[in-house]
Amino acid sequence: MTAFVGRNEAGKTTLLKALHKFRSATEERYDAQTEFPRDRFSAEYENGADWPVCTVEFELSDSLRDDLKDKLRGNPVPNTATFTRYYDGHYDVEYDIEIADDSIGPVELITSLDVFARGARRIQSPGLEQEQTTDALRGKLVNWADEKKEAVLPIQDLRSEQGVEFLGRLRQEVNAHSNPLSASLVEELLERISSLLRRAQTEPLLRQIDETVESVLPVFIYFENYGILDSTVYLPRFIEDLKKMPNDPRVRTINSIFKHVRLQASEIAALGREEAQQAIVEGRQVTDEIIQSDQKRKALRNVKLNSASVDISSKFNDWFGQRQHKIRYQADGDHFRVWVSDNRHTDVDIELESRSKGFQWFFSFYLVFLVESDEGHKDAMLLLDEPGLHLHPTAQQELLEFFEELSANNPLAYTTHSPFLINSEKIHHVRPVTEGESGHSHVSSDTWPEDRETIFPLQAAAGYAMVRGLFRHKKNVLVEGISDYLYLHVLNMHCLALGRTGLSDDVHITPCGGARMVGHIASLFLGQGLRPVVLLDGDEEGRARADALMSELYAGHERAVLMLGDVLQTEGCGIEDIIGESALLPVAETVFGNKLQLNAEDLAEGALLDQIEDIATRYRADLFDGWKSEIARRLVVTWSVTKPENMPGEVIHRAEALFEELNARLETVGR
């Protein structure tokens, strides 16, 4: 299964259509007038046989290679076949190994004619009186053989139509030279010509291989949202559209209804024709025969449509595998309708167009798939253009699971802009499509482009998967930022290693990207039936966020909001106050490249991080974006390889106090 993502006009649909027409089930051909590059059409396009459109490489299956092995009679068997289709519809085929060309050149025939000429020169005269006649015969036969050698030289392959025709003519001419003196020579040459003719009339080995491989190529079935069915079809209009534009997406899908039951729309329309009504219009008498004929045709139409309804309902339910549906086809005069009921409301028929957009898509796609893959028995690759556009994100996720099942038997490629139709666990299935400055499209396989719009669905899918992963944990702690996350993880590791109190493995810590985001992230958890404990700094912003949470989202659950100041018994403190000045200041010096020393004025500033910020400003250090996180990263890298017994005792003591309080709050929230 492959997902193509990219901005509009990047070339995704063009790619799918090129594959579809490479070998469509309906033999839809490439159209140079609309598909050849417009700016080059007048100057370059003349003969469709000169212009390749689509090249596809196929891996040959083991069973196919076994078939080819018999034909190749001991010669190497190819592993891949590369087909190129041209605007005129013909294929060129290449293999990963060279298959010997078994063409029949003119040399064999020339050699046979030389043998014939040498024999003609040695013909013995029956007597002296016939010597002159015999000599004339010798010259005639030799000259004929020389003429034929000259005539056959331009024919490079006697397997060609020209070669077969030449050998047939030659065989007739040889018979004309038969007489008692030349009979044995003529008979020998005839045998050689006949043998060559039999070989020439046998299909060449390479062509046999090509035809064998081509016969098992998959068909490519293309489906887009424009092909979704309406519930009502006006048969006369549809019959007219079918003649004019049979490949229109909607016409193609409607036609699949009739193809599936081996009917034609014209037949359904004819069976519904009322001869009695026509007789009234024309002023003719309505006889019993006319009435009975009308009734019989309508009864036959009902039988056919009822049988078709049972068949499509059974097949669709087996394939769809979700809620069971009953599909009913109905014809009323010139109108054909599709009704649907389900196992929740078995007696309620609803028009197809009144069902969900998702069901309409599934049903319409299934009809095309069923018909164009010969009831599912023909190998088919499915090409879906922007599937599930109208589906809710959760329904798109279900559609993605359905695609996974479908692709087990039918390779599937689709285009999408939706992150919910990208499996974040199989991101290697995604192929970004971009358009370069020259206007050419490029499909990336190993790398992702830098274009933000192209990779946005991938980023969103990864983010969505990450967020979904958060909700798997029953015990959650929300912290303000990445620094809190890093410090808590490394301190928890050392506390547990020392046998001190820490957090259990089932507690998940989530950084929220700042105090302002804590409420938003908390609401996501609450929407999943989870109430995380929130850990906030004791600064002004942290206190404001705590008040907001306890007045709304956490009203009645105030113990689930923990202020660091309550643990350290220090107002205004942050996570860095657990670390302490002696551990943090040396790391800050490496970040800013300055020697930093706190004075009495700095120490009176409040939280340790505020003190470091003041002194860094005084020393004119560069307070770049993310400097707080960089200090945390460097300290945590060092502590991650520090032996637990070498950790500062006062830091471990403060950390243990925090973990004890968090555990108590988590237990309270969990009850």
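The values are calculated or read from the model by the stated rules, or taken from the named source; none is laboratory data. Since the structure is predicted, the reported quantities are computational estimates derived from the model, not experimental observations. When we count neighbours, we look across all protein chains shown, and the Cβ atoms used for this are built from the backbone with ideal geometry, even at glycine. Keep in mind that these areas ignore ligands, DNA and RNA; they rest on the heavy atoms of the full protein, side chains included. Shrake-Rupley method; radii C 1.70, N 1.55, O 1.52, S 1.80 Å.
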(request) Inspect segment 262-284 for any residue being modelled with pLDDT of 85 or more and either of a type in the set (S, T, N, Q) or crowded, with 16+ Cβ neighbours inside 10 Å (or both) and give the result as yes or no. (result) no
(message) So in segment 209-229, with the set limited to residues that are at pLDDT 85 or above, open to solvent by 50 Å² or more (accessible area, probe 1.4 Å) and out of contact with any strand residue (DSSP E or B) (no Cβ under 8 Å at 6 or more places or on another chain), which one is nearest to GLN156 (Cα to Cα)?
(response) GLU211
(message) Yes or no: segment 29-38 includes at least one residue that is among the acidic types (Asp, Glu) and modelled with pLDDT of 95 or more.
(response) no
(request) Would you tally the residues in segment 62-76 being touching a residue at least 12 places away in the same chain (Cβ under 8 Å) and under 25 Å from PHE22 (Cα atoms)? (result) 4
(message) Can you tell me which of (1) at pLDDT below 90; (2) exposed (fewer than 12 other Cβ atoms within 10 Å of the Cβ); (3) not acidic (Asp, Glu) is the one SER125 doesn't meet?
(response) (2)
(request) Could you pull out the residue among LEU562, LEU568 that is in contact (Cβ under 8 Å) with a residue 60 or more places away in the chain and under 49 Å from the mean Cα position of the chain (by Cα)? (result) LEU562
(message) Restricting to segment 210-248, name every residue that is over 23 Å from the mean Cα position of the chain (by Cα) and farther than 23 Å from GLU351 by Cβ.
(response) ASP210, GLU211, THR212, VAL213, SER215, GLU240, LYS243, LYS244, MET245, PRO246
(request) Could you please let me know if LEU530 is assigned to a loop (DSSP other than H, G, I, E, B) and surrounded by 13 or more Cβ atoms within 10 Å (Cβ to Cβ)? (result) yes
(message) Looking only at residues that are of a type in the set (A, V, I, L, M), over 30 Å from LEU181 (Cα atoms) and surrounded by 14 or more Cβ atoms within 10 Å (Cβ to Cβ) in segment 84-118, which one is modelled with the highest pLDDT?
(response) VAL93
(message) Here is a check on your reading of the model: is GLY139 surrounded by 16 or more Cβ atoms within 10 Å (Cβ to Cβ) and at pLDDT 85 or above?
(response) no
(request) Confirm whether PRO411 is open to solvent by 50 Å² or more (accessible area, probe 1.4 Å) and either of a type in the set (Gly, Ala, Ser) or at negative phi (or both). (result) yes
(request) Say whether the condition of being open to solvent by 10 Å² or more (accessible area, probe 1.4 Å), over 29 Å from THR642 (Cβ atoms) and not in a helix (DSSP H, G or I) is met by at least one residue in segment 490-507. (result) no
(message) What are the pairs with Cβ atoms under 7 angstrom where one residue, in segment 95-109, is of a type in the set (D, E, K, R) and the other, located anywhere, is modelled with pLDDT of 90 or more and open to solvent by 40 Å² or more (accessible area, probe 1.4 Å)? Sequence gap at least six, or different chains.
(response) ASP96/ASN79
(message) Take SER307 and tell me if it is in a helix (DSSP H, G or I), under 30 Å from ARG23 (Cα atoms), modelled with pLDDT of 85 or more and not acidic (Asp, Glu).
(response) no
(message) Condition first: under 14 Å from ILE104 (Cβ atoms), assigned to a helix (DSSP H, G or I) and either touching a residue at least 60 places away in the same chain (Cβ under 8 Å) or among the small types (Gly, Ala, Ser) (or both). Now tell me which residues in segment 149-167 satisfy that.
(response) GLY163
(request) Just need a number here: residues in segment 187-197 that are free of Cβ contacts under 8 Å to residues at least 40 places away in the same chain and surrounded by 15 or more Cβ atoms within 10 Å (Cβ to Cβ). (result) 2
(request) Would you please name the residue that is farthest from GLY333 (Cα to Cα), looking only at residues in segment 230-253 that are open to solvent by 20 Å² or more (accessible area, probe 1.4 Å), aliphatic (A, V, I, L, M) and not in a loop (DSSP other than H, G, I, E, B)? (result) LEU242
(request) Determine whether VAL348 is β-branched (Val, Ile, Thr) and out of contact with any Gly (no Cβ under 8 Å at 6 or more places or on another chain). (result) yes
(request) Specify the residue that is modelled with the lowest pLDDT; the eligible residues are those in segment 555-582 that are open to solvent by less than 20 Å² (accessible area, probe 1.4 Å), assigned to a helix (DSSP H, G or I) and farther than 19 Å from ALA544 by Cβ. (result) GLU576
(message) Given (1) modelled with pLDDT under 85; (2) open to solvent by 40 Å² or more (accessible area, probe 1.4 Å); (3) part of a helix (DSSP H, G or I), identify the lone condition not met by ALA200.
(response) (2)
(request) Among the numbered conditions (1) modelled with pLDDT of 95 or more; (2) in contact with a helix residue (DSSP H, G or I) (Cβ under 6 Å, 6 or more places away or on another chain); (3) open to solvent by 70 Å² or more (accessible area, probe 1.4 Å), tell me where ALA81 comes up short. (result) (3)
(request) For ALA49, state whether it is exposed (fewer than 13 other Cβ atoms within 10 Å of the Cβ) and either touching a helix residue (DSSP H, G or I) at 6+ places or on another chain (Cβ under 6 Å) or hydrophobic (A, V, I, L, M, F, W, C) (or both). (result) yes
(message) Checking PHE320 against (1) of a type outside the set (Gly, Ala, Ser); (2) at pLDDT below 80; (3) exposed (fewer than 15 other Cβ atoms within 10 Å of the Cβ): exactly one of these is not met. Which one?
(response) (3)
